[in-house]
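Below: one structure, written as structure tokens.
The values are calculated or read from the model by the stated rules, or taken from the named source; none is laboratory data. Just so you know, these numbers come straight off a predicted model, no measurement behind them. Neighbour counts run over all protein chains shown; Cβ positions are idealised from the backbone, glycine included.
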Amino acid sequence: MKIGLYLHIPFCKKKCAYCDFNSYQIKKEIQKKYVESLISEVRFYKKSSLLVETIYFGGGTPTTLPLADLGKIMKTIKNTHKVSDDVEVSIEANPDGLKTEYLSGLKKIGFNRISLGIQSFDPKILKVLGRNHSVENSLKAFKQIRKAGFDNINIDLIYGTPGETVESWKKTVRKAVFLQPTHISIYPLTLERHVKLKRDIEKGIYSRIDEDDQADKYLLAVDILKKSSFKRYEISNFSLPGYECAHNLLYWKNKNYLGVGAGAHSFYKKTRFSNFYFPLNYIKAVERRGHGIKKGYREILSESIKQEMILNLRLDEGVELGKIEKKFGIDVKKWKQKEFEFLRNNGLIKGGKRIKLSEKGVLLANEVFVRMI
Amino acid sequence: KGYKEPKSMVYSGLYPIEGGEYEKLRDALSKLRLNDPSFIYSPETSKALGFGFRCGFLGLLHMDIIRERLEREYDLNLLITAPSVAYRLVKESGEEIEISNPSETSMHRQEKILEPFVSLKILAPSEYLGTIMDLVKDRRGEYREMIYLSEKRVELFYEIPLAEIIFDFFNQLKARTRGYASLDYEYIGYREGDLVKIDILIAGEPVDALTLIIHKNKAYQRGKELIHKLRKIIPRQFYEVPLQAAIGSKIISRETIKAKRKDVLAKCYGGDVTRKRKLLERQKEGKKRLKKLGKIEIPQEAFIEIMKVEED
């Protein structure tokens with residue numbers, strides 16, 4: 001059975017002002033213990049019927065781990081599991097402190113894809129976001145990644161930060177394109193719970209996030225990227241042909257994946273489960289049981305269909321109704337007839353046998369999703 | 001002379017927020033009437049609000065008391081339309097029809113609208129004379145008489161439309177006179193008024209619950225205020241919503257609620273699937289609780305906000 005393997009590295013040198021991810025500034029001793037737990041959990045999932053097609057190190061900042069640790073984890077994966085010959089092995093990286101030797105080391109270990117968190121080429125915006133790198137760092141890091149021999153490179157960008165002009169965003173997108181990565185992800189700044197930037201906005205230090213402005217900026221970026229040969233294959237993800245992120249596609253195609261590490265999520269044989277969130281709790285759990293699973297649930301049929309629909313619709317290729325009907329045994333066309341008609345009449349979806357989000361629908365995708373469930 | 005049944009001066013539409021509470025409201029109203037015969041009511045249907053009741057009160061205070069009792073003693077969640085007085089429509093034939101619901105009227109040019117008038121007595125320190133007279137004049141009061149009870153205290157008599165004093169008049173009077181003025185009024189019959197009916201159209205469709213009858217001179221201002229209030233309260237839909245105030249076929253005020261352009265979960269990776277699904281589920285539940293207001297749907301809170309009368 002083909003699966004993807006996700007590993008979470010919850011460590012960061014500094015917490016960004018908008019960060020809602022599971023990441024902490026943690027002592028080296030705990031980091032060492034954490035790596036040991038990851039290795040144990042990788043072994044726990046040993047099953048000869050599994051074939052690992054993608055490996056993804058996410059975080060936090062996975063590149064804060066020393067090469068030796070990353071090497072140990074990769075060795076364990078290869079020794080425990082059957083790994084595909086053309087496995088995609090990705091790692092998320094931060095532009096600060098990326099040394100050439102480290103990058104070469106990553107390549108030797110087996111990484112063949114890097115995702116660089118640049119976010120913006122506007123120093124003012126980097127400051128608002130609380131990023132701990134400069135524009136120069138970003139440019140240098142990208143060049144070094146290329147030099148180290150990586151040819152599958154993603155750049156992450158954020159738009160809609162308070163104080164960002166349309167010009168600033170246009171420049172950022174153009175600069176990213178100019179570097180010639182093979183993949184670009186763009187995200188509207190969203191502030192959840194009580195992140196620092198949200199508090200600052202409430203205090204009046206920065207202006208509120210403007211969703212209309214974000215809508216404009218999204219469309220602008222789509223236009224620039226399209227003209228530069230980047231094809232959008234998912235709501236927020238663009239790539240050169242053939243360079244779509246195989247690991248993330250597993251999520252949107254509703255395929256199976258195993259998540260290892262603190263707060264990692266898995267989807268295996270219709271069951272969705274997740275691990276303990278805090279690194280210390282995760283380490284304790286793995287010590288006790290060999291895995292870090294905290295809770296999970298089995299998807300009932302109706303839930304599976306809904307999930308498949310809303311995930312598939314995120315992709316530009318949309319959802320093929322015939323495939324859903326065959327896979328789940330439900331006449332989707334009839335079941336969602338009223339909703340499809342409404343959405344079509346309002347210009348949010350297009351297509352007949354294959355339903356896709358329209359251009360207007362991409363920005364208003366929730367209006368579509370909420371009617372699919 | 002005998003007992004005269006007190007006449008309702010102020011009317012309002014009472015609707016249960018949850019359609020399922022209609023029977024409960026009906027029963028509560030009948031119980032209330034048993035111990036308060038001055039309170040009257042009859043079933044009414046609104047295209048915008050569904051099934052409810054048109055209720056008659058002796059005044060705004062009476063209306064407030066009844067509303068509070070219904071909400072507290074009978075545990076009801078109510079939507080109350082803006083109170084109005086009972087107008088009378090005089091048809092070409094001379095026949096007079098009582099209108100307790102403004103949306104019932106459809107006026108033809110040859111017809112007249114009569115409104116109830118009251119004789120108003122205000123007692124206040126004479127230093128506030130100017131500001132009081134300004135207020136009453138602004139409310140279409142017709143001066144009748146002024147009597148100095150002493151050097152410092154004066155009694156003012158006006159005849160004024162009831163509709164002009166049921167909103168915010170008492171508070172205004174108190175504010176202008178630092179609380180020293182007091183007022184009293186008595187119904188004195190119907191008089192013809194230069195009145196028009198304002199229809200409120202949302203997405204091109206008139207919403208009966210928002211219709212109001214108002215003096216011609218105040219129509220433009222009031223229409224503008226209402227449209228503006230609606231634009232601020234009604235949440236953006238994913239299409240443009242025109243708001244219009246109209247007198248007959250003439251649009252007197254117009255604003256547009258811009259279409260919402262972005263409503264998307266931009267990130268959805270492995271760890272987001274379950275959480276974002278829950279978010280969508282909550283959004284779906286929110287949609288179920290939307291109430292129809294003409295062609296569009298708005299949240300309950302917005303509904304209540306729209307129907308709320310400006311403070312009195």
Given (1) surrounded by 15 or more Cβ atoms within 10 Å (Cβ to Cβ); (2) at negative phi, number of the condition A:GLY60 does not satisfy: (2)
Qualifying positions in the stretch B:47-74 - closer than 23 Å to B:PRO116 by Cα, touching a residue at least 12 places away in the same chain (Cβ under 8 Å) and charged (D, E, K, R): B:ARG54
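Which ranges mark the strands (runs of 3 or more DSSP E) fully within the stretch B:180-248 that have 2 or more residues being over 28 Å from B:GLY94 (Cβ atoms) and hydroxyl-bearing (Ser, Thr, Tyr)? Give the steps one after another, and end with the answer.
Numbers: elements: B:182-192, B:195-202, B:212-215, B:241-247.
Hits in the stretch B:180-248: B:182-192.
Is it the case, given these coordinates, that A:GLU234 is more than 9 Å from chain B (Cβ to nearest Cβ) and of a type outside the set (S, T, N, Q)?
On the way: more than 9 Å from chain B (Cβ to nearest Cβ): no; of a type outside the set (S, T, N, Q): yes.
No, not satisfied.
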All positions within the stretch A:50-66 that are assigned to a loop (DSSP other than H, G, I, E, B) and farther than 17 Å from A:TYR257 by Cβ: A:GLY60, A:THR61, A:LEU65, A:PRO66
Neighbours by Cβ (under 7 Å, 6+ apart or cross-chain): first from the stretch A:147-159, in a loop (DSSP other than H, G, I, E, B); second among the aromatic types (Phe, Trp, Tyr): A:ASN152/A:TYR243
Enumerated strands (runs of 3 or more DSSP E) restricted to the stretch A:255-373, each holding at least 1 residues that are hydroxyl-bearing (Ser, Thr, Tyr) and more than 11 Å from chain B (Cβ to nearest Cβ): A:265-268, A:271-275
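Name the single residue that is nearest to B:GLY50 (Cα to Cα) among those in the stretch B:249-299 being part of a helix (DSSP H, G or I) and touching a residue at least 12 places away in the same chain (Cβ under 8 Å).
At the first step, the residues of the stretch B:249-299 found to be part of a helix (DSSP H, G or I) are B:273-288.
Still in the list and also touching a residue at least 12 places away in the same chain (Cβ under 8 Å): B:279-280, B:286.
Working: B:LEU279: 30, B:LEU280: 29, B:GLY286: 20 Å.
This residue is B:GLY286.
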Condition broken by B:GLU68, with the remaining ones in (1) assigned to a strand (DSSP E or B); (2) closer than 23 Å to B:MET307 by Cβ; (3) not hydrophobic (A, V, I, L, M, F, W, C) satisfied: (1)
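Does A:GLY347 fit the bill of being under 27 Å from A:LYS270 (Cβ atoms) and of a type in the set (Gly, Ala, Ser)? Working first, answer last.
Numbers: under 27 Å from A:LYS270 (Cβ atoms): no; of a type in the set (Gly, Ala, Ser): yes.
Spelling it out, it is not the case that A:GLY347 is under 27 Å from A:LYS270 (Cβ atoms) and of a type in the set (Gly, Ala, Ser).
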Selection from the stretch B:254-288 of residues that are farther than 30 Å from A:LYS255 by Cα and either away from every other protein chain (no Cβ under 13 Å) or at pLDDT 90 or above (or both): B:ARG254, B:GLU255, B:THR256, B:ILE257, B:LYS258, B:ALA259, B:LYS260, B:ARG261
Single unsatisfied condition, A:VAL166 versus (1) in contact (Cβ under 8 Å) with a residue 12 or more places away in the chain; (2) over 24 Å from A:GLY242 (Cβ atoms); (3) buried (at least 16 other Cβ atoms within 10 Å of the Cβ); (4) hydrophobic (A, V, I, L, M, F, W, C): (3)
Test: residue in the stretch A:189-211 that is small (Gly, Ala, Ser) and closer than 30 Å to A:ASN112 by Cβ: no
Residues (in contact with a strand residue (DSSP E or B) (Cβ under 7 Å, 6 or more places away or on another chain), more than 11 Å from chain B (Cβ to nearest Cβ) and not charged (D, E, K, R)) located in the stretch A:237-254: A:PHE238, A:SER239, A:PRO241, A:TYR243, A:ALA246
The one condition in (1) outside any helix (DSSP H, G or I); (2) closer than 23 Å to A:GLU192 by Cα that A:VAL128 fails to fulfil: (1)
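Does A:LEU191 satisfy being among the hydrophobic types (A, V, I, L, M, F, W, C), touching a helix residue (DSSP H, G or I) at 6+ places or on another chain (Cβ under 7 Å), outside any helix (DSSP H, G or I) and closer than 27 Å to B:PRO235 by Cβ?
Values: among the hydrophobic types (A, V, I, L, M, F, W, C): yes; touching a helix residue (DSSP H, G or I) at 6+ places or on another chain (Cβ under 7 Å): yes; outside any helix (DSSP H, G or I): yes; closer than 27 Å to B:PRO235 by Cβ: yes.
Yes, satisfied.
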Conditions (1) within 14 Å of another protein chain (Cβ to nearest Cβ); (2) more than 18 Å from A:LEU363 (Cα to Cα); (3) free of Cβ contacts under 8 Å to residues at least 12 places away in the same chain; number of the one not met by A:ASP212: (2)
